[in-house]
Amino acid sequence: MAKRVIVSKCLLGYRCRYDGRSCLDRELKKCLKEWEVVGVCPEELGGLRGRRGPFQIKGKTREVFLGKAKVVDRKGRDFTREFLEGAFSTLKIAKSKGVKIAILKSKSPSCSPDYIYDGSFKNRLVKGEGITCFLLKQHRIKVFTSDEFKRYILSYKKSQSRRG
Ligand code: SF4
């Protein structure tokens with residue numbers, strides 16, 4: 001049976017981003033041909049559909065789970081509840097399907113495994129994780145960016161061809 005992987009839906013071509021667009025990654029889709037893909041959009045799962053935001057995390061991601069930091073829009077409105085709901089719904093899907101790997105979209109306050117905006121809405125990126133990524137990692141799910149996953153598949157294929 002194919003291995004299962006959770007993937008941010010916008011990377012698969014769904015127009016679920018805050019600005020109504022997708023971030024289709026064709027190369028990634030090619031790499032996933034032999035995988036059973038479970039597409040998720042945590043923001044949609046949290047009830048945030050259609051054009052919205054943008055949102056940023058004000059404070060540290062881990063502190064959002066302790067009620068000490070928030071996810072806000074440009075006007076400072078609090079969307080923390082929706083982001084947490086999306087993260088826990090994604091975790092529930094992962095657990096129910098026995099998924100151990102996720103490929104999540106970079107720079108998103110929900111999904112990002114590497115960089116997020118710093119909460120100032122001044123276009124400043126900092127190292128950090130989105131809410132859903134953080135929660136999945138806490139539950140021992142291995143999270144990749146799409147570029148990391150493509151590199152991983154490439155090096156796996158190279159090692160297989162050297163053997164065979
Ligand atoms: S929440 Fe994740 S899957 Fe949904 S649009 Fe944002 S980056 Fe893509």
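The values are calculated or read from the model by the stated rules, or taken from the named source; none is laboratory data. Since the model is a prediction, treat every value here as computed from it, not as a measurement. Neighbour counts run over all protein chains shown; Cβ positions are idealised from the backbone, glycine included.
Condition check ((1) more than 14 Å from GLU43 (Cα to Cα); (2) in contact with a strand residue (DSSP E or B) (Cβ under 7 Å, 6 or more places away or on another chain); (3) within 11 Å of the ligand (Cβ to nearest atom); (4) outside any loop (DSSP other than H, G, I, E, B)) across all residues:
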{"site": "PHE83", "(1), (2), (3), (4)": "no, yes, yes, yes"}
{"site": "PHE88", "(1), (2), (3), (4)": "no, no, no, yes"}
{"site": "LYS95", "(1), (2), (3), (4)": "yes, no, no, yes"}
{"site": "CYS111", "(1), (2), (3), (4)": "no, yes, yes, no"}
{"site": "GLY119", "(1), (2), (3), (4)": "yes, yes, no, no"}
Residue, farthest from CYS23 (Cα to Cα), within the range 107-125, restricted to residues that are buried (at least 20 other Cβ atoms within 10 Å of the Cβ) and of a type in the set (Ser, Thr, Tyr): TYR117
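So which residues in the range 97-109 are within 16 Å of the ligand (Cβ to nearest atom) and touching a residue at least 60 places away in the same chain (Cβ under 8 Å), if there are any at all? Even if it seems obvious, please write down each step before you answer.
Kept after step one, since they are within 16 Å of the ligand (Cβ to nearest atom), are these residues of the range 97-109: 99, 101-109.
Of everything in the range 97-109, those that are within 16 Å of the ligand (Cβ to nearest atom) and touching a residue at least 60 places away in the same chain (Cβ under 8 Å) turn out to be VAL99, ILE101, ALA102, ILE103, LEU104, LYS105, SER108.
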Checking GLU27 against (1) more than 12 Å from the ligand (Cβ to nearest atom); (2) touching a strand residue (DSSP E or B) at 6+ places or on another chain (Cβ under 7 Å); (3) farther than 15 Å from ILE141 by Cα; (4) of a type in the set (D, E, K, R), the condition it does not meet: (2)
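Every residue, every condition in (1) on the phi < 0 side of the Ramachandran plot; (2) more than 14 Å from the ligand (Cβ to nearest atom); (3) at pLDDT below 95, yes or no:
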position: CYS10; (1), (2), (3): yes, no, no
position: SER22; (1), (2), (3): yes, no, no
position: VAL37; (1), (2), (3): yes, no, no
position: GLU44; (1), (2), (3): yes, no, no
position: GLY47; (1), (2), (3): no, no, no
position: LYS58; (1), (2), (3): yes, yes, no
position: LEU66; (1), (2), (3): yes, yes, no
position: LYS70; (1), (2), (3): yes, yes, no
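Basic (Lys, Arg) and outside any loop (DSSP other than H, G, I, E, B): is that true of LYS30 in this structure?
Against the criterion (basic (Lys, Arg) and outside any loop (DSSP other than H, G, I, E, B)), LYS30 qualifies.
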